[in-house]
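Enquirer: Attaching a single structure in structure tokens format; questions to follow.
Computed from the coordinates by the stated procedures, all read-outs in this text should not be read as laboratory data. These figures come from a predicted structure and were not determined experimentally. Cβ coordinates were reconstructed from backbone atoms using ideal geometry, including for glycine residues, and neighbour counts include every protein chain displayed.
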Amino acid sequence: MSTGVTFTLNGFRRGFLASVPLGMGAATFGALFGFLADQHGLSGLEALLMSGLVFAGASQLVALELWSTESSVLLISLAAAFVNLRFMMMAAAMRPWLAPLGPARAYGSLLLLVDMNFAMSLADMHKGGKDAAYFLGSGVLLWLVWVASTGFGHAFGHLLRDPNALGLDFLVPACFLAMAVPLYQHKRSLLPWAVAAGASCLAWLLLPGASYLIVGALAGALTGALRDERR
Amino acid sequence: MSVDSLALMAILGMGLATYVVRASGFFLVQRLPRSRFLDAFLHHLPGAMFVALVTPPVLNGGPPTWAGALAVVCCATLRAPLLVSLLAGAATVALLRQLLVGY
């Protein structure tokens, strides 16, 4: 294919180095995750494994929220897929760089797809960047920072005593609220979000375990999709 | 440093599920025609998920978590950095738990 897309060590290095400032943001979040993982009873190795193998902050926090309830492996995995569905859109948007690479490099690079290296790569692509290894380099830096900061947060988490009196048990729901706010578009989101809130509360009262999460998310997203489709 | 076998299963399940999501976006865009319904569903799912996850426990937590949630939403609306929003929420919850007995 004569798309001009390359995959070089130089591109990898450029992506790696350009992501250092973003990496500092990732480190804060990673340390927070490590700390909260400790609060929720995960061992250091479990927290590191989760950060290394899942590498997706929001879904890792969701897992912590579900960890203490009687949630099944299936529910926790399904919740991770739901929270991370945005990666599907991002992977689709990376097509101009990934399609010419061949399956091994394309699906290999996608192992490390997160919001930050997607944003960086999309910006580089729009500036005319043609080196797809930029995406992988950025992903590798963010992954290293994410795993290291998780270990740091977990190691120092236990130094705090009585975290509930400090309101620290509220940090996980607070994270979801803070991440939800930028997604809110008044005309489009109000109805599906209200349905999600109502359905989740009903399920919380009537159904066992953490099924309120799935019921609320599906009810909200289906409402939004059915309404949008008719417009 | 130990790993519970059920925890390991959950971590592997999450990792696999997340990778399937990552890979399928690229896989499908090369093969499937896009539908309006699917686009809209995927658009709404993350927000609906966050709302569904947060609403019951926040309502159940009483006035401290109600006020904490309000503080977080205000900070995030003003585009405060994530850490600032979180600390404002936690501080509000902590303060109200000191002032109100029973929460």
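Enquirer: Comparing A:G25, A:G153, A:G128, which has the greatest mean-square fluctuation in the GNM of chain A with Cα pairs linked when under 10 Å apart?
Expert: A:G128
Enquirer: Can I ask one more? Under a Cβ-only charge scheme (Lys and Arg +1, Asp and Glu -1), can you give me the dipole magnitude of chain B about the Cα centre, in debye to the nearest 20? Kindly include the intermediate steps, with their values, before the conclusion.
Expert: On the way: 6 positive and 2 negative charges, 67 e Å.
Value, rounded to 20: 320 debye.
Enquirer: On a 0 to 90 degree scale, rounded to 10, what angle separates helix B:82-99 from the longest Cα axis of chain B?
Expert: 40
Enquirer: Here's a follow-up. For peptide A:218-231, compute the average count of partner chain beta-carbon atoms within 10 Å of each residue's beta-carbon. Don't skip to the answer; put the middle values down first.
Expert: On the way: counts 5, 2, 8, 11, 6, 2, 7, 11, 3, 2, 7, 7, 2, 2.
Taking all residues of A:218-231 together, the mean is 5.
Enquirer: Oh, and also: Rg (Å, one decimal) plus Dmax (Å, integer) for the alpha carbons of region B:35-103?
Expert: Rg, Dmax (Cα atoms, Å): 15.2, 53.
Enquirer: For helix B:36-60, report the angle its Cα long axis makes with the longest principal axis of the Cα atoms of chain B; keep it between 0 and 90° and round to the nearest 10°.
Expert: Roughly 30 degrees between the two axes.
Enquirer: Using unit Cβ charges (K, R positive; D, E negative) and no other charged atoms, how large, in debye to the nearest 20, is the dipole of the protein assembly as shown about its Cα centre?
Expert: On the way: 19 positive and 13 negative charges, 251 e Å.
In total the dipole reaches around 1200 debye.
Enquirer: Right, next: What are the ³J(HN,Hα) values, in whole Hz, obtained from phi via the Karplus relation 6.51 cos²θ - 1.76 cosθ + 1.60 with θ = phi - 60°, for each residue of region B:76-81 in sequence order, with x given for Gly and Pro?
Expert: 5, 5, 7, 6, 5, x
Enquirer: Over chain B, with a Gaussian network built from C-alpha contacts below 10 Å, which listed residue (B:L86, B:L38, B:L12) shows the highest mean-square fluctuation?
Expert: B:L12
Enquirer: Which percent of the Cα-Cα distances in chain A go past 24 Å? Don't skip to the answer; put the middle values down first.
Expert: Numbers: 13924 of 26565 pairs.
Roughly 52 percent, once rounded to a whole number.
Enquirer: Please determine, in degrees from 0 to 90 and to the nearest 10, the orientation of helix A:44-53 with respect to the longest principal axis defined by the Cα atoms of chain A, where the helix direction is its Cα long axis.
Expert: The angle comes out at about 50 degrees.
Enquirer: Based on the alpha carbon coordinates of region A:110-202, what radius of gyration and maximum Cα-Cα distance (Dmax) apply, in Å?
Expert: For region A:110-202, the Cα radius of gyration and maximum Cα-Cα distance read 19.0, 52 Å.
Enquirer: Amide H of A:D131 versus every other amide H placed in the peptide plane: which residues, excluding those fewer than 5 positions away on the same chain, fall under 5 Å?
Expert: Amide H to amide H, under 5 Å and 5 or more residues apart or across chains, A:D131 pairs with A:T6.
Enquirer: Let me ask something else about it. Which three semi-axes in whole Å describe the equivalent ellipsoid of region A:20-99, each the square root of 5 times a Cα gyration tensor eigenvalue, listed largest first?
Expert: Those come to 25, 18, 9 Å.
Enquirer: For B:A80, what residues show an amide H to amide H distance below 5 Å, using hydrogens built from the backbone and excluding near sequence neighbours?
Expert: none
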